[in-house]
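Here's the structure we're looking at; comments come further down.
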Protein chains: 2
Amino acid sequence: MDHPFKDPTPPDFDPGAPVRSGVPEHGRVPKYYAVKARVEALVDDLAEGDLLPTERDLALRYAVSRETVRQALRELLLEGRLRRKGRGTVVSGPKLEQPLALVSYTEGVRRQDRRPGRSLIGLDRLPCPAALTADLGLRAGEPVWHMERVLLADDERVGLESTYVAVSRVPRLAADFEPDSSFYTYLGEVVGLPLGDADERIETVLATPREALLIGTPPALPMLLIHRLSRDTGGRPLERVRTLYRGDRFSFTAHLTPATHPRPTPGA
Amino acid sequence: MDHPFKDPTPPDFDPGAPVRSGVPEHGRVPKYYAVKARVEALVDDLAEGDLLPTERDLALRYAVSRETVRQALRELLLEGRLRRKGRGTVVSGPKLEQPLALVSYTEGVRRQDRRPGRSLIGLDRLPCPAALTADLGLRAGEPVWHMERVLLADDERVGLESTYVAVSRVPRLAADFEPDSSFYTYLGEVVGLPLGDADERIETVLATPREALLIGTPPALPMLLIHRLSRDTGGRPLERVRTLYRGDRFSFTAHLTPATHPRPTPGA
């Protein structure tokens, strides 16, 4: 997967016309999209962290309005090709590739030579909400922990993780656990509850205003949301996790083999 | 995964206030978000396909401007809770859950009692683009097929699939293959090339204008993009696929076990 190609249009149309991908057979290229294609070509020639010319310069260069440039840049920002830095716009690095696997966030980020971190938003003990009893194998009202943490990569806020776990499984969580560390390492090495298996569901959503504020994203940014239900090695439910990742900073990878078949969800 | 919960905010704040999820501890709920939460509560009480009150009615009901209602509805449309039908807005069904597994689109959709379909956009024979030679194990210029198909579920356009495969592996593709059928069934049963394994990468992107036109989505709709590189049972590269799914209509599921570990990408 080292050579992703951006565009499904075969390059035999006209190699000098990258804007082809914006055109239906009988259609026209929207003006902002033609500008976007040119800025993308510009970005391809720059290195990560390099400063992009200003909106005004780009508008002059391409003889279009600043609003047209702004629309082109907006898409490139949402897609993670560019990012804001101070008052300027710079070229982003590639998206982080996180494996869809039973490894922790910490381990996934380390594999890419980035420094993982987590910042605690809250750790609360509360009666198990009715919507979670089936997933956690609890009765309504049994005590659960709700732990919410902002995910960091090299001190950049990149996600928000919300974990529910029965207090009976990890009674000393509030006392023992260092919130900046890996919860799975804690579960496996301190509590003696290694992960057995998990079901995940991944979708794209818009961050709520609260989530956007906590992660520091623009509110319209598409996010990747992963729901996870983990079980211990004996098959008992362990935790219910909802993790939101910046869509402009993350992708997820999976290796599929004939053995990788989806298991029917256990009955509620 | 039958009981997704929408919101990481523990419900002990105030069960009567679903808009809490829009509020940072010290913040205010944006007005459109309060309206969105109320419309969501309304949608929860309706059935799939039920008609939502008009924008005007909702604006009157909540004593806000129509623009505020429109912003709330726009997010619910992007998230797939609502969809346009004729001139009205109706309640959507749940997102389709497609397994991240070595099954075809056809099989994944059938499992959910939806009728899969595919509509051919183009099948071209062209020299292998340089960007794909490593993935396909070919030299630049060797002939490849590029097949592009719109994915359908119950006649609704839900995605766009772009497949590259060496002509030498499936020389009779243009003559033999029924474009509305499963390519993997063709590979396995007609050509005698069953899939061995695959690497996938999933991310969220914005559709290009051409893609949005082909799938019939609004241009700003977040999409899920899956890159797949498949190999035959002997480990030789078979196809390179780029599939775009409507983010408001699809989610992907995976079952993770300790054996589900990501394999290093084979060297380019």
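The values are calculated or read from the model by the stated rules, or taken from the named source; none is laboratory data. Please read these numbers as outputs of a predicted model, since none were measured by experiment. For neighbour counting, all protein chains shown are included, and Cβ atoms are generated from backbone atoms with ideal geometry for every residue, glycine included.
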**Q.** Hits in the stretch B:124-158 - residues which are touching a helix residue (DSSP H, G or I) at 6+ places or on another chain (Cβ under 7 Å), over 21 Å from B:Arg236 (Cβ atoms) and at pLDDT below 95
**A.** B:Ala153, B:Arg157
Q: Name the single residue, out of those in the stretch B:95-128 being outside any strand (DSSP E or B) and in contact with an Asp or Glu (Cβ under 8 Å, 6 or more places away or on another chain), that is nearest to B:Phe250 (Cα to Cα).
A: B:Lys95
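Taking the options A:Ser168, A:Ser162, A:Ser230, name whichever one is at pLDDT 95 or above and either outside the structural domain of A:Leu126 (by TED's automatic domain parsing) or surrounded by fewer than 20 Cβ atoms within 10 Å (Cβ to Cβ) (or both). Walk me through it before giving the result.
Values: A:Ser162 fails: either outside the structural domain of A:Leu126 (by TED's automatic domain parsing) or surrounded by fewer than 20 Cβ atoms within 10 Å (Cβ to Cβ) (or both); A:Ser230 fails: either outside the structural domain of A:Leu126 (by TED's automatic domain parsing) or surrounded by fewer than 20 Cβ atoms within 10 Å (Cβ to Cβ) (or both).
Of A:Ser168, A:Ser162, A:Ser230, the one residue that is at pLDDT 95 or above and either outside the structural domain of A:Leu126 (by TED's automatic domain parsing) or surrounded by fewer than 20 Cβ atoms within 10 Å (Cβ to Cβ) (or both) is A:Ser168.
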Q.
When the residues of the stretch A:233-262 are narrowed to those that are charged (D, E, K, R), assigned to a strand (DSSP E or B) and facing chain B (nearest Cβ under 9 Å), which ends up surrounded by the fewest Cβ atoms within 10 Å (Cβ to Cβ)?
A. A:Arg242
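Restricting to the stretch B:138-159, give me the number of residues that are assigned to a loop (DSSP other than H, G, I, E, B) and crowded, with 16+ Cβ neighbours inside 10 Å.
Going through the stretch B:138-159, the residues assigned to a loop (DSSP other than H, G, I, E, B) turn out to be B:138-142, B:154-155.
Checking which are crowded, with 16+ Cβ neighbours inside 10 Å leaves us with B:138.
Summing the residues that are assigned to a loop (DSSP other than H, G, I, E, B) and crowded, with 16+ Cβ neighbours inside 10 Å in the stretch B:138-159 gives 1.
Does the stretch B:171-184 hold any residues that are outside any loop (DSSP other than H, G, I, E, B) and surrounded by fewer than 15 Cβ atoms within 10 Å (Cβ to Cβ), and which are they?
The initial filter retains those residues of the stretch B:171-184 that are outside any loop (DSSP other than H, G, I, E, B), namely B:173-176, B:183-184.
Those that are outside any loop (DSSP other than H, G, I, E, B) and surrounded by fewer than 15 Cβ atoms within 10 Å (Cβ to Cβ): B:Ala174, B:Ala175, B:Asp176.
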Q. B:Glu189 versus (1) at pLDDT 90 or above; (2) in contact with a Leu (Cβ under 9 Å, 6 or more places away or on another chain); (3) more than 8 Å from chain A (Cβ to nearest Cβ): which is the lone unmet condition?
A. (2)
(Q) Looking at (1) facing chain B (nearest Cβ under 8 Å); (2) more than 15 Å from the chain's Cα centre (by Cα); (3) crowded, with 19+ Cβ neighbours inside 10 Å; (4) not in a helix (DSSP H, G or I), which one does A:Arg210 not meet, given that it meets all the others? (A) (4)
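State yes or no: is A:Gly188 over 18 Å from the mean Cα position of the chain (by Cα) and on the phi > 0 side of the Ramachandran plot? Steps first, answer last, please.
On the way: over 18 Å from the mean Cα position of the chain (by Cα): yes; on the phi > 0 side of the Ramachandran plot: no.
It is false that A:Gly188 is over 18 Å from the mean Cα position of the chain (by Cα) and on the phi > 0 side of the Ramachandran plot.
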Q: Look through the stretch A:122-135, keep the residues that are surrounded by 15 or more Cβ atoms within 10 Å (Cβ to Cβ) and closer than 15 Å to A:Pro171 by Cα, and return whichever of them is farthest from the chain's Cα centre (by Cα).
A: A:Pro127
Q) Looking only at residues in the stretch B:86-95 that are modelled with pLDDT under 90 and under 19 Å from the mean Cα position of the chain (by Cα), which one is farthest from A:His227 (Cα to Cα)? A) B:Gly93
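Being acidic (Asp, Glu) and under 30 Å from A:Tyr32 (Cβ atoms) narrows it down to one residue among B:Glu203, B:Glu239, B:Glu189; which is it?
Numbers: B:Glu239 fails: under 30 Å from A:Tyr32 (Cβ atoms); B:Glu189 fails: under 30 Å from A:Tyr32 (Cβ atoms).
Step by step, each of B:Glu203, B:Glu239, B:Glu189 is checked, and only B:Glu203 is acidic (Asp, Glu) and under 30 Å from A:Tyr32 (Cβ atoms).
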(Q) Looking at the stretch A:35-49 only, could you name the residues that are part of a loop (DSSP other than H, G, I, E, B) and surrounded by 12 or more Cβ atoms within 10 Å (Cβ to Cβ)? (A) A:Leu46
Q. Among the aromatic types (Phe, Trp, Tyr), assigned by TED's automatic domain parsing to the domain that holds B:Gly216 and modelled with pLDDT under 95: does that describe B:Tyr105?
A. yes
Q. Just one of A:Arg66, A:Arg84, A:Arg74 is under 22 Å from A:Ala220 (Cβ atoms), touching a helix residue (DSSP H, G or I) at 6+ places or on another chain (Cβ under 6 Å), in the same structural domain as A:Val35 (by TED's automatic domain parsing) and surrounded by fewer than 20 Cβ atoms within 10 Å (Cβ to Cβ); which is it?
A. A:Arg66
Q. Just one of the numbered conditions (1) surrounded by fewer than 16 Cβ atoms within 10 Å (Cβ to Cβ); (2) under 21 Å from the mean Cα position of the chain (by Cα); (3) at the interface with another protein chain (Cβ under 9 Å from one of its Cβ atoms) is not true of B:Gln112; which one?
A. (3)
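Being under 12 Å from the mean Cα position of the chain (by Cα) and within 9 Å of chain B (Cβ to nearest Cβ) is the filter here; which residues of the stretch A:96-107 pass it?
To start, the set of residues in the stretch A:96-107 that are under 12 Å from the mean Cα position of the chain (by Cα) comprises A:96-100, A:105.
Scanning the stretch A:96-107 gives A:Glu97, A:Pro99, A:Leu100.
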